[in-house]
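Have a look at the structure below, then the notes.
The values are calculated or read from the model by the stated rules, or taken from the named source; none is laboratory data. None of the values given here were measured: they were computed from a predicted structure. Cβ placement follows ideal geometry from the backbone for every residue including glycine, while neighbour counts extend to all protein chains displayed. Just so you know, the surface numbers come from the protein's heavy atoms only, side chains and all, with ligands and any DNA or RNA stripped out. Shrake-Rupley method; radii C 1.70, N 1.55, O 1.52, S 1.80 Å.
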Amino acid sequence: MLSPERRPSVAERRPHFLSFSSQNGCPLVVPHLAGIEDPLPESTPDKVDVLIVGTGMVESVLAAALSWQGSNVLHIDKNDHYGDTSATMTVDQTKKWVKEVNDGKFSNCYTNAKLYVSAIIGSGDRGFSSRDFGLDLAPKILFAKSDLLSILVKSRVHQYLEFQSLSSFHTYENDSFEKLTNTKQEIFTNQNLPLMTKRNLMKFIKFVLNWEEQPDVWESYAERPICEMLIEKFKLERPQVFELMFSIGLCYNMSAKTPEVLQRIRRYLSSFDVYGPFAVLYSKYGGPGELSQGFCRSAAVGGATYKLNESLASFDPSTKTATFEDGSKVTVSEKLVISPTQAPKYSQNIPEQKYEIHRLTCVVGKSCEEWFSEGESAAVVVFPPGSLKSGNQNVVQAFILGPGSEVCPQETSVWYLSTTEQGPRAEMDLDAALEAMETSIVRESSSDLENDESIVQFGPNGETMINSVKLGQSFKEYIPRERLQFLLKLYYTQYTSTPPFSVVDPSFFDINDENSKKLITGASDNGVLYTAMPSAEISYDEVVTAAKLLYEKIVGSDDDFFDLDFGDDDDVPIHNANYENAIEDDDDDEDNDVDMNFDVNRQGTTELVGEMEI
Amino acid sequence: MNSGITSIKLVLLGEAAVGKSSIVLRFVSNDFTENKEPTIGAAFLTQRVNIGEQTVKFEIWDTAGQERFASLAPMYYRNAQAALVVYDITKPQSFIKARHWVKELHEQASKGIIIALVGNKVDIVSSGGERKVAREEAEKLAEEEGLLFFETSAKTGENVNEVFLGIGEKIPLGRPDEQSGLQNGGVRITDDQRIDLASTGSGAVAASGCNC
C-alpha cells in the first residue's frame, strides 16, 4: 500500500531521463549514473533534501535508500575514510582514532582506548605495513537469511563485495572448544551424543522452526529464562542448552527470555543451507566498513554527493542552514541526520548512550586455521557465563578472521572479542577469554601433537583432523612452551543507546520530533535526527531496521524503501551492440551458464556454493 | 562451457569532462551519440572481448562522481586489474590531473595493475582545434611510469577499441583455476571461497520477478 504522502519515485522525478518502458509492466528504476548522464558540478550543492553526517553502516544504507527513492542527498564524513562508527581501519587510522578517543573527541560514544602496536608493523622492509590490516570498529556477521542480505542483493551492492562462509562456531566449556553440532546430520552422526539427547535435540529443532504457532509449548515460559524450558520441557542437558543459547542464539547471559531466544535460534537454523552448509557469511577485506563503502557507492550512482574530510560546524534550525568547517553552507530542505560521533559543538539533543560494550581487538602471529572449517578463514567462539576464570556472568563473544579474509597478512589473524558486561569486570572477562584462546591456539598448533595418534586422526584423504574434544581433556594440564605473538592489541569501551538484545527502538527517533515536549528550547540541533551507535549485536540484524525507521521519518513512509527493480538479471548489455571483430555480443543466456559454475568439490554440495562472477 | 572467461575489473580516472565515460560508452555500445543506454542499476558496465582463444569480460567501474571531493573509497581501487587514466589533449590542466591519478594508483591499487594513459578528443585537433598536450610529453610519462598510451576520440571511435584490446593483451590470461594463486601478486582473477548472494534465496526471488 502506498501512502498518500509518498513522494514521487526516482523515475517520476527525472522524467527527462531515458525512459525504458518494460513490456510486462514491472517497475523499472533507471539509475542516474552520476558522471555519465550529466557533467558534474564543481562545488557541493547549495540546497539538498537531506544532509547526512557520518558514513557509518546505518547512514550509508539510508543514503542509498534515499538516493534511489529520488531524494537529493549530501553525505559527508569528518574522517578521511568511510565507515564512521563501523569503519574498517588500517593500523595508522586506528592509531589516529585512539588518540581522538583519548582526547575526548567523542566521549559520549567511546572511552578508555588502549592500543599496543608491535614494532613489526610499519617497520619497513621486513615487517608489515599499516595497510596490510583492516580492523573493524564494530565487527559483524551476516546471516544468510536476513533483511540486510535481501537489500544487498536488491540494491546490487553485493556486486561490489565478496562474501565468504563461516560455519565454525565453538562453545568454550571445561577449558576446551567444543565444535558446534548444528545440523541434523551432525546430530545423528555425533558419537559423543547419547541417543536420548539426539532425540530431544531433534524434537526441539523441529519445534523452534515453527515456534510461534505452538504457544502451548512456550507460553508458560514467556517471561522466564529459556534454559528452564529447554531443561524441563525438552529434557536437554547443559552442553546442548549452552550451545543453543550462546552459539546458535548468540545470547549474552542466562536471563535471556524465551521468545527472543527462540527467535534467535530460528534465525540461525533457517539461515542454514541457504547458500550451502553454513548459516553465516562475512565480507572480505573488512566488515561493516566495507559494506558502508558499497552502500555509499550505490548512493553516489543514485545521485548522492560525497565529501570526506568535511565536518559540520553548526546548524540553524530556523533557516535550515548547515554550515561546514570550511565555511561553505547548504540549505537542508527536509532533514539533517547526524551520527552521534560527528555532531557539531553545542549540540544539546544527542541521545544518551547508556549501555557499555567492551571490546578487545587483537592481531596475533598465528593464522589459527585450527579453529576454521576446511576451506574457510573465520570462526566464532563463545564463552558462556561461568566458563572463564574471571567467573564471567555475561558471555564473551569472539570473532576470528584469518588471512583468507584479507584483513590481515599470511601467518596472522584478527581476534575481535566483546562483552556486554558493564563496568570494570568487563575487561577482566575479556582478558580471561583472551588467555583461554591463547592457551588453546598455542596448544592446538603445537608440533608435539602430531606424534600422538589418539589426538591427531587422519581423514580418508590423508588430511589431519584434530580431535578437539580430546584436546580439551588430555591437554588440560599441558603448558605450552611457545608464546603467542601479539602484533596489535586494542581495548576500548563503546557506548550505545540500544540495550543488549534489542534493536533500535522507534521512540528513539521521536526525541527530536519538532512537536515533542522533550526538546530543549533554542538548541541548535532541534529537529535533527541522530542515528544510533552500533549495538552489541554481532550480526547486522539491527541495521536495516534502524535505516528504515530513519527513512520513514524523512520520507513519511517506508513503502518504497529500496523499492528497486533494476530489471536486469546480470549485466544486461547495451542493445544493438554490433561488433564485427574482436568484440562479441553480450548474451544473457551465456552469462547465466557462466554464473551457474558451481563449486562441486566440497561434500557434494553442488547447488549453492557458487563462484561469484560479477 | 567455461572455456577461459576472465573477468577484468577496470577503473576509470580522470578530470571531469575529459570524456572518460564517453570512451566507455563508445566501447560498450560502439555508438557514441544515439545509443546511450547504460547498464541498468549495475553501477558498472560490462563488455566482452575475444582475445585469441580467450574471452575477456571487462567490468568497468565509473567513479560515480565520488572523485570530485577526493572521496573515492578503497573499494574502488581494490582488485582492479586495469585502469584508464583519461585526459583531454586540449586541456593541460587535465594532464596534470592525470599525473596525480597515476601516482594515486601506484599508492592505492594492486601492484600488478595495468594502467593505460589515454589522451582523448583527438577529433578536435583533426578538425583544426589546438592541441595543448604534446604527444611526446604523454609518451614520456607513459614510459617513466610503465603505462600503456593511446590517443583516442570517443566521438569518432578512433583508437577506442584498441585501448581495451591493448589492456586485454597485457593481462596474464589462462584458465581461471590456474590464476587463483595470483592473489598474493595483488591480482584476483577467481576466488573459490566467494559466494554469490544472488544465486539463491531472496536473490533468486529478486531476479526472477521481472525478466525485462
| Using a 1.4 angstrom probe and counting only protein chains, how large is the accessible area of residue A:269 in Å², to 10? | 30
| query | Picking from B:6, B:69, B:166, whose Cα lies most toward the positive end of the charge dipole for segment B:5-170 (charges on Cβ: Lys, Arg +1; Asp, Glu -1)? | reply | B:69
| note | Of the residues A:193, A:251, A:221, the Cα lying farthest along the dipole of segment A:183-271 towards its positive end, which is defined by charges on the beta carbon of Lys, Arg, Asp and Glu, belongs to A:193
| field | Solvent-accessible heavy-atom area per residue, rounded to whole Å², over segment A:183-271 at 1.4 Å | value | 50
| task | Just the ratio, please: alpha-carbon radius of gyration of segment A:67-160 over 2.2 N^0.38 Å, N its number of residues. | result | 1.39
| At a probe radius of 1.4 Å, what is the per-residue accessible area of residue A:237, in Å² to the nearest 10? | 100
| task | Averaging sequence separations of C-alpha pairs under 8 Å and six or more residues apart, then dividing by the length of segment B:5-170, give the relative contact order as a whole percent. | result | 27
| field | Compactness of segment A:314-453, expressed as Rg and Dmax over alpha-carbon positions, Å | value | 22.5, 77
| note | In the structure shown, of A:99/A:345; A:145/A:389; B:97/B:132, the pairs separated by more than 24 angstrom at the C-alpha atoms are A:145/A:389
| Non-local amide H neighbours of residue B:14 (under 5 Å, H modeled in plane, Pro and chain starts lacking H): which ones? | B:86
| Buried solvent-accessible surface, both chains (A, B), 1.4 Å probe, Å² to nearest 100 | 7200
| Too long at a 18 Å Cα-Cα cut-off: which of A:366/A:489; A:203/A:233; A:307/B:111; A:78/A:284; A:140/A:366; A:335/A:553? | A:307/B:111; A:78/A:284; A:140/A:366
| request: Could you give the size of the charge dipole of segment A:183-271 about its Cα centre, using +1 on the Cβ of each K and R and -1 on the Cβ of each D and E, expressed in debye and rounded to the nearest 20? | output: 300
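Taking a ≥ b ≥ c as the square roots of the eigenvalues of the Cα gyration tensor of segment B:5-170, is the shape rounded (a/c under 1.5), prolate (a/b larger than b/c) or oblate?
Numbers: a/c = 1.34, a/b = 1.13, b/c = 1.18.
Rounded, because the longest to shortest axis ratio a/c is under 1.5.
Quick one: grab the alpha carbon gyration tensor of segment A:234-299, order the square roots of its eigenvalues as a ≥ b ≥ c, and give me rounded if a/c is under 1.5, else prolate or oblate depending on whether a/b is larger than b/c.
Prolate, since a/c reaches 1.5 and a/b exceeds b/c.
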| remark: Semi-axes in Å, largest first, for segment B:56-129 (Cα gyration tensor, √(5λ)) are 24, 15, 12
| query | Under the Karplus relation 6.51 cos²θ - 1.76 cosθ + 1.60, θ = phi - 60°, what is the ordered set of whole-Hz ³J(HN,Hα) values for segment A:245-255, x standing for Gly and Pro? | reply | 6, 9, 8, 6, x, 6, 7, 9, 7, 5, 7
| So what is the orientation-averaged projected area of segment A:284-382, using the convex hull of its C-alpha atoms, in nm²? | 10.9
| note | Ignoring ligands and nucleic acids, residue B:9 exposes an accessible area, probe 1.4 Å, in Å² to the nearest 10, of 10
| said: Probe radius 1.4 Å, ligands and nucleic acids left out: which of A:254, A:533 has the largest accessible area, and how do the rest follow? | reply: A:254, A:533
| task | Can you tell me the alpha carbon radius of gyration of segment A:183-271 divided by the globular rule-of-thumb value 2.2 N^0.38 Å? | result | 1.00
| task | Calculate the dipole size of segment A:280-397 relative to its Cα centre from +1 charges on Lys and Arg beta carbons and -1 charges on Asp and Glu beta carbons; express the result in debye to the nearest 20. | result | 260
